[in-house]
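J.: My questions will all concern the structure given below.
Readers should treat all values here as calculations from the given coordinates under stated rules, not as data from a laboratory. This structure is a prediction, so every number in the text was calculated from the model and none was measured. Glycine gets a Cβ as well: all are built from the backbone with ideal geometry, and neighbour counts include every protein chain shown.
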């Protein structure tokens with residue numbers, strides 16, 4: 001999912017959940033259903049729930065809850081009863097005048113605005129979904145920038161670690177080295193590297209995998225380890241005991257891959273997704289800029305800080321906003337500029 005789609009989906013979910021919580025009873029979900037929108041589903045007294053309202057209540061639930069309802073009539077009945085209960089409680093709230101509470105009125109208006117915003121953006125961005133164009137742009141980027149997709153030389157190694165630390169005295173370090181030499185000797189005599197790694201290695205993560213570290217590239221490991229790993233040339237070749245800051249290691253080469261360019265197929269999904277996201281961002285900017293130009297939203301900094309309780313220090317100007325004093329100055333300058341332009345015409 002692209003960034004714009006993710007933002008729109010998140011906004012849609014947020015406003016729908018708010019509407020569901022407030023029992024605002026907005027329109028039907030798009031999902032097909034056998035019952036007509038007006039079909040009776042559940043009710044108590046004057047509070048009834050239609051198929052359209054049930055579908056909407058179902059649509060705003062998280063996927064896990066939807067799956068539970070589809071598997072269980074008990075859960076489905078619970079949803080229907082809950083929607084009826086919400087209507088009953090909402091009716092009590094209206095009777096007490098809560099629907100006239102200025103805070104509630106504002107929240108309802110903001111929720112409706114949010115839903116309309118999400119619908120507007122999604123409707124206008126649907127036409128920007130162009131998989132063929134994204135694919136073509138991804139292939140163009142891959143061909144034009146081969147250096148971005150170079151894969152360095154890699155070696156697939158296993159290791160056994162006999163751990164030491166900076167606090168170890170010379171005697172302890174010597175004992176660790178001798179143990180590593182002994183383990184190397186046992187492997188050379190035919191014992192399984194994997195079995196010795198799983199029982200003797202002090203690296204618990206790789207020990208569970210028989211010492212397997214997978215493929216490693218240069219620059220990812222400490223230098224003595226890296227030098228020893230890339231010095232191995234033949235599959236199955238063992239290193240001598242090497243020392244690093246972590247202790248003493250024995251390495252075995254399992255495979256080697258020379259430097260190469262990563263095939264397009266391996267990076268296709270991420271490249272196409274990146275191009276789709278770029279196309280959507282561009283479309284989003286073209287959609288929103290005429291509605292809300294950059295730097296055009298007038299803001300009263302003092303009132304903003306006082307309202308939210310801000311304690312921020314001076315920061316760079318926000319690209320979407322301008323201080324209200326600046327906005328006023330711009331508005332005052334506009335008529336003056338128009339008069340200045342009109343003067344030459346009058347003189348003619």
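J.: Order 302-311, 99-108 from most to least packed using the mean count of other Cβ atoms within 10 Å.
T.: 99-108, 302-311
J.: Okay, next question. Fewest first, what order do 94, 55 take by the number of other Cβ atoms within 10 Å?
T.: 94, 55
J.: How would 221, 294 line up from fewest to most surrounding beta-carbon atoms within 10 angstrom?
T.: 294, 221
J.: Calculate, in nm to one decimal, what residue 278 and residue 324 gain on full extension: separation in residues at 0.36 nm each, minus their alpha carbon distance.
T.: Extending this stretch completely gives an extra 13.3 nm.
J.: Right, here's the next one. Quick one: order 124, 156 by neighbouring beta-carbon count within 10 Å, fewest to most.
T.: 124, 156
J.: Can you tell me the FRET efficiency between residue 262 and residue 127 if r is taken as the Cβ-Cβ distance and R0 is 22 Å, rounded to the nearest 0.05?
T.: 0.10
J.: If I model a spin label at residue 85 and residue 255 as a point 7 Å from the Cα along the Cα→Cβ vector, what separation in nanometres do I get?
T.: My value for the distance between the label points is 5.6 nm.
J.: Within segment 239-278, find all residues whose amide N lies under 11 Å from a label point positioned 7 Å from the Cα of residue 218 along Cα-to-beta-carbon.
T.: Answer for this model: 259.
J.: How high is the FRET efficiency between residue 292 and residue 314 when r is their beta carbon distance and R₀ equals 25 Å, given to the nearest 0.05?
T.: 0.55
J.: So, in nm, how far is label residue 64 from label residue 44 when the simple model puts each one 7 Å beyond its Cα toward the Cβ?
T.: 2.7 nm
J.: At a Förster distance of 30 Å, what's the computed FRET efficiency of residue 269 paired with residue 238, Cβ-Cβ distance as r, to 0.05?
T.: Step by step, r from the Cβ atoms, then E = 0.20.
J.: Okay, moving on. When the chain is fully extended, how far beyond the present Cα-Cα distance does residue 168 get from residue 99, taking 0.36 nm per residue of separation?
T.: Here the answer is 17.6 nm.
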